[in-house]
1. Considering only helices (runs of 4 or more DSSP H) fully contained in region 56-153, which possess at least 2 residues that are within 24 Å of residue 446 (Cβ to Cβ)?
2. Inspect region 405-414 for any residue being modelled with pLDDT of 85 or more, surrounded by 18 or more Cβ atoms within 10 Å (Cβ to Cβ) and in contact with a His (Cβ under 9 Å, 6 or more places away or on another chain) and give the result as yes or no.
3. Any residue that is among the charged types (D, E, K, R), at pLDDT 75 or above and over 24 Å from residue 246 (Cα atoms) - is there at least one of those in region 487-502?
4. Pairs under 9 Å by beta carbon, first residue under 19 Å from residue 176 (Cβ atoms) in region 385-411, partner not in a helix (DSSP H, G or I), six or more apart or different chains?
5. Identify all residues within region 335-354 that are outside any helix (DSSP H, G or I) and either assigned by TED's automatic domain parsing to the domain that holds residue 507 or touching a Cys at 6+ places or on another chain (Cβ under 8 Å) (or both); write none if there are none.
6. Given the options 29, 106, name the one that is within 30 Å of residue 244 (Cα to Cα), more than 19 Å from the chain's Cα centre (by Cα) and not assigned by TED's automatic domain parsing to the domain that holds residue 225.
7. Restricting attention to region 63-73, does a residue exist that is closer than 30 Å to residue 156 by Cα and in the same structural domain as residue 199 (by TED's automatic domain parsing)?
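The values are calculated or read from the model by the stated rules, or taken from the named source; none is laboratory data. Small disclaimer: the values here were computed from a predicted structure and weren't measured. All Cβ positions, glycine included, derive from the backbone under ideal geometry; neighbour counts span all protein chains shown.
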Amino acid sequence: MANIDKINQEELAPPRKARFSGPFWWLWWYLEWALPGLGMFCEAYIIFSAGQISPFQQALWPSCFVTTVNCDPNYVKHLSGYLQIVGIIAGMLMWGTFGDLVGRKWGSICASSVMLSGVIMLTFTAYAQYAFAYFVFFLIAQTWYGFGVGGEYPMASASAAERSATTPELRHLRAQQVILVFSNQGMGTFTNAFVIAACMGIFGATGKAPLPEDASKKIITLQYGIGALVVLFTLSYRFIFLNESKMFEEEKAIRSSLTSTTAHGLYKHWISFQKYFFRLWVGAGCWVASDFAFYGNKLQQGIFLGILFPGSTPYKAQQWNVLNSFIALLGYYTAAALCDKPWYGRVRCQWVGFLAMFIFYIIIYGQWENMAIAPNPKLGIVGSTTAGAQAMQALYYLSSFFNQFGPNATTWLVAGEIFPTDVRGTYHGFCAAMGKVGAIISALWISYISDNRKIFLISAIWGISGAIVTFIWLPDTTGLDLEEYDRMHRMLREGKFNDYHGEAINPRHLSLWEIYVQGWHKNYNPELDREQFEAEIKQFALTNKEGTEQMKRMSLVTPDIVEIVDKASHMNA
């Protein structure tokens, strides 16, 4: 039998016809990924607004956020950020597991229901009668909203990957579709920054701090109210139109037909945890590094603006927030355009992004005195030159761009690809939760550093660490059918992992660690896999309709195999 690697891939590739036609094809194309990504839009719109509403909180409740007479300063400094992230972590872990048990549809609906109740509470926080009451109410609402948001990560990623895998026109564009769904996070951040800037202009909050109290109350209420409407639409859409993941239903039906020799329940997770430990390590470790840099970037924004524009008004600072958010948004779209390209792929996109961030941050650290010294005539400090400050501005924006065109996009993508269907939500949620641990570490670490220059050095170290971990441990799923992981996982659960010979252990789809340390590639044998695949699909044709449908989508399918399946199906009928 000819080597399977030499089979004409054009014959095996899924159809690449245009998915939409007509004058409004672009609108249907946009809605195809924008609607599934509404949860990520809502996540970013609310979560990343926490830092941007600080001037309005100070105007409304100065005794809590300025003088801290009525609120413990340590609580104000730390709890408001950390409790929200703790809620997100709990949501990621719980909703990811919940989605693997009951399905992506109900996991998504339940998570967005929690989000709706949380954002409604946030909308009315500005009407609290006392400073401390506002602070407590705000913390509760933020944490509860975060608990719902946590579910969006595993549910949206798994659903997008599985929808692409089961749609013929999208199978070769899986990374594009998943990242475009995720890009709604960037759109949510940009939209929130724009809405706040617009509200400041409309309500006359364009001067120096402190801002007008009445305008601040209206801005907080309006920006959260807009978010509440979007969450309400998201929940309604999911109740009415959202279907269960076809791939999830197929795998569930296949599992139910397996013999009693197959591992189930907690033992199933223990077996998969052992086998996929280093995939969990790279998924979680790189997410920690990415979120440290990502949240560090957000925290450094105030430092950066203070250096470039000393004495600028909150309104001016918000305008620069809008620009930074827009540049970051372009990074998502660039990642979506390139991650499916065989010459670039997921792994290269991730380590290049980490490496670029390391380079930009280390340059800022090394050239701090030439770029980042704010002028202070009273102390006789001339400050950095205009050219130096502009160079820092360019490097900062580039780091933001490469964070999205790199680890922030790819960590979300690959955690939904490198695991099999029946544990995809659980393991994606775990990796994402570890990323939020990185965010907490970032916030804690930076809050105790008085020398702003060192913040960029620490972020650079995390960047190069992420690049190294990616290069060694991350497998490349570019061009690989997700169904192959399900085939491999079924063999693993039956205690026959060494009998799997398919594409999931092809060296080009394995990490360096899996090749040179674990030796997974040693069992790769295309000829044996072809024989095994024919036997599997024939058996499914006799006993399991869902299993047949799943396997008929795969790249191994040829006209000969279709004929075998049809004959077996007729026998079953």
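1. Details: elements: 62-65, 80-102, 104-123, 131-150.
It comes to 62-65, 80-102, 131-150.
2. Here is the first cut: in region 405-414, the residues modelled with pLDDT of 85 or more are 405-414.
Then keep just the ones that are surrounded by 18 or more Cβ atoms within 10 Å (Cβ to Cβ); that gives 405-414.
Going one step further and asking which of them are in contact with a His (Cβ under 9 Å, 6 or more places away or on another chain), we end up with 412.
Yes: one or more hits.
3. Step one: filter region 487-502 for residues among the charged types (D, E, K, R), giving 487, 490, 493-494, 496, 499.
Narrowing the set further to residues that are at pLDDT 75 or above leaves 487, 490, 493-494, 496, 499.
Now restrict to residues that are over 24 Å from residue 246 (Cα atoms): 496, 499.
Looking through region 487-502, at least one residue is among the charged types (D, E, K, R), at pLDDT 75 or above and over 24 Å from residue 246 (Cα atoms).
4. 404/183; 409/183; 409/339; 410/339; 410/474
5. We begin by selecting, within region 335-354, every residue outside any helix (DSSP H, G or I); these are 339-344.
Within region 335-354, 339 is the sole residue that qualifies.
6. Values: 106 fails: not assigned by TED's automatic domain parsing to the domain that holds residue 225.
29 is the lone residue from the list that is within 30 Å of residue 244 (Cα to Cα), more than 19 Å from the chain's Cα centre (by Cα) and not assigned by TED's automatic domain parsing to the domain that holds residue 225.
7. Going residue by residue through region 63-73, those that are closer than 30 Å to residue 156 by Cα are none.
Scanning region 63-73, I find no residue that is closer than 30 Å to residue 156 by Cα and in the same structural domain as residue 199 (by TED's automatic domain parsing), so the answer is no.
For (1) modelled with pLDDT under 95; (2) of a type outside the set (Val, Ile, Thr); (3) outside any helix (DSSP H, G or I), each residue gets a yes or a no:
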site: 400; (1), (2), (3): yes, yes, no
site: 423; (1), (2), (3): yes, no, no
site: 428; (1), (2), (3): no, yes, no
site: 442; (1), (2), (3): yes, yes, no
site: 445; (1), (2), (3): yes, yes, no
site: 449; (1), (2), (3): yes, no, yes
site: 453; (1), (2), (3): yes, yes, no
site: 466; (1), (2), (3): no, yes, no
site: 475; (1), (2), (3): no, yes, yes
